[in-house]
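Undergrad: One structure is given below, represented as structure tokens, and several questions about it will come after.
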Amino acid sequence: MPDEEITRFATDETRQVGVMLLGRKLYETMLYWETADQDPSLDDSGLEFIAIWKPLPKVVFSTTLSSVQGNARLASGGLAEEIERLRAEPRQGDIAIGGATLAAEAAALGRLGDRIGHRQVLLALYVLRAAAFIGLALVHDLGVTLVVLSVIALGDQAASSMYQALANVMASKQERVGLMAWMRVVTNIGITLGTVPAGIALATRGSFAPLLLANAASYLLAGLIVATLPASTSPAGPAAHRRLLIPSPATATMISINGLMSLWVVILNVGLPLWVVDSTAAPRALVAILYGTNTVVAIFVQAWVARWVSSYLRAARAQRLAGVMLALCCGCLAGSAFASSTAATILLVAAVLCLSSGELLTVSSAWEVSFRLAPDGRSAEFFATYGLGRAGSQVLGPILITAAVLALGVPGWVALAGLFIVGGLITPLTAQRALDHPLKKRKQAPDTSARVSAKAATTFEMRSFA
């Protein structure tokens, strides 16, 4: 059972909904509420939610279910078809979308953070992840382990938008990208230090339980630090949160380009080691040196790159340059297949330097772009939405790199380089259009004069970009 505050939040959100579209997993999770009124331990907030939830019409998207319960029906078409059909029907309330396959849970948590406070949600995420790591240390069932790992992954994804939302509140416009950079530097240092005891545990075949418990303790300590931060408040009223935040086509394209550029993660962790071992004459021990090179560059150069990406114009330039650097990385990897051991080693080091440059440019550009496009009062939700491209690349990227790029060999790296170049080239024009219309058009109150002036200044700057 969720606590009373979260239940009341869900009740307020559901009250504005006329019909709910759900994926199978969320539908099965919410089946509890069809009979929850028989639970004697249910409090008043839970009963209030049931009174709204049970009569609410629901459409379930599933390819495996043959029937559904309560006031629900199985979707007869795709998502777009169902939405158009529902829009044509007379009804009160919004069309809401829920479920892992239809919307991102991280964006929902971002939305919750915008409503009740980013600090509060981030603190809860620290506690949740601490509990998850304790569970990993104590539970050895494979099924439970996979669930716990999913919770940790969701917590990490949602926490990133909360970090950015807090940086948006705590730092000035000139300093917020720099603050994000320093947080990333500290994170990379922590990861690097953590590899030492992990390596010892692997080498000695020792237990990982102490490391997992230490990680849980670090999350609790971080939560105590977060608890000392000032509470952030959302300037947007409840009405602003009734509808899902939908990016405009230009912003959706920027999200997709960011996802493309974020393939650097998969290249580094999947493509590079497999390529070195299977397709080059370079020594296998080089893989560890290449990882170390990337870590050193990320720690010592990240803050400098972030200082350079100090405006929306420079963010667009940075993403274009990221495309060039990642394309050069692919070119070096392709060339290493034809080189001797020494030459291949030089090309692979050059590839990692290019990839590291593309990495730093990509993340810095994403911070500045999302800071500038985020609507007032819904920053965390927007940051989580903008991160969907990055999350998608982490899910689909390994398939792309292994089944396409590595399978094709040199032509695969050349094709991927072409994609990076195209993504970089279309960034400036797309960034301008996203700035003009960040979100899907809706009837809304006009912006304040200060916001219009700031947008006009950036628009003028972008239109001078050649």
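Each reported figure results from applying straightforward, stated rules to the coordinates on display, with no laboratory input. The structure displayed is predicted, hence computed values, not measured ones. We place every Cβ from the backbone using ideal geometry, glycine too, and count neighbours over all the protein chains shown.
Undergrad: Name the long-range amide H neighbours of residue 21: under 5 Å, sequence gap of 5 or more, or other chain; modelled H, no Pro or chain starts.
TA: Here the answer is 59, 96, 97, 98, since their amide H atoms fall under 5 Å of that of residue 21.
Undergrad: Sticking with this structure for a sec: Please compute the modelled spin-label separation between residue 131 and residue 153, points set 7 Å along Cα→Cβ, answer in nm with one decimal.
TA: In this crude label model, residue 153 to residue 131 measures out at 2.1 nm.
Undergrad: State the answer as a single residue: which of 140, 152, 222 lies farthest towards the positive end of the charge dipole of the range 106-234, with beta carbon charges of +1 for Lys and Arg and -1 for Asp and Glu, about the Cα centre.
TA: My answer, from the dipole projection, is 222.
Undergrad: Follow-up. Evaluate 2.2 N^0.38 Å with N set to the residue count of the range 106-234, then give the Cα radius of gyration divided by it. Please list the in-between numbers first.
TA: Details: Rg = 16.1 Å, N = 129, 2.2 N^0.38 = 13.9 Å.
My calculation over the Cα atoms of the range 106-234 gives 1.15.
Undergrad: Per residue of the range 120-130, in order, report the coupling 6.51 cos²θ - 1.76 cosθ + 1.60 (Karplus, θ = phi - 60°) as ³J(HN,Hα) in whole Hz, putting x for Gly and Pro.
TA: Running phi through 6.51 cos²θ - 1.76 cosθ + 1.60 with θ = phi - 60° gives 4, 5, 4, 4, 5, 5, 5, 5, 4, 6, 4 Hz.
Undergrad: If you count, for each residue, the other Cβ atoms within 10 Å and average over each peptide, how do 148-154, 116-122 line up from highest to lowest?
TA: Packing proxy ranking, top to bottom: 116-122, 148-154.
Undergrad: Among 405, 299, 361, which residue has its Cα furthest toward the positive end of the charge dipole of the range 246-463, with +1 on Lys/Arg Cβ and -1 on Asp/Glu Cβ?
TA: 361
Undergrad: Using +1 on the beta carbon of Lys and Arg, -1 on that of Asp and Glu, and nothing else charged, what's the dipole of the range 306-391 about the Cα centre, debye to 20?
TA: Numbers: 7 positive and 4 negative charges, 38 e Å.
Dipole of the range 306-391, to the nearest 20 debye: 180 debye.
Undergrad: Still on this structure, please answer the following. Past the 23 angstrom mark, what percentage of all C-alpha to C-alpha distances in the range 246-463 do you count? Write out the running numbers ahead of the final one.
TA: Details: 11200 of 23653 pairs.
Value for the range 246-463 (Cα pairs over 23 Å): 47 percent.
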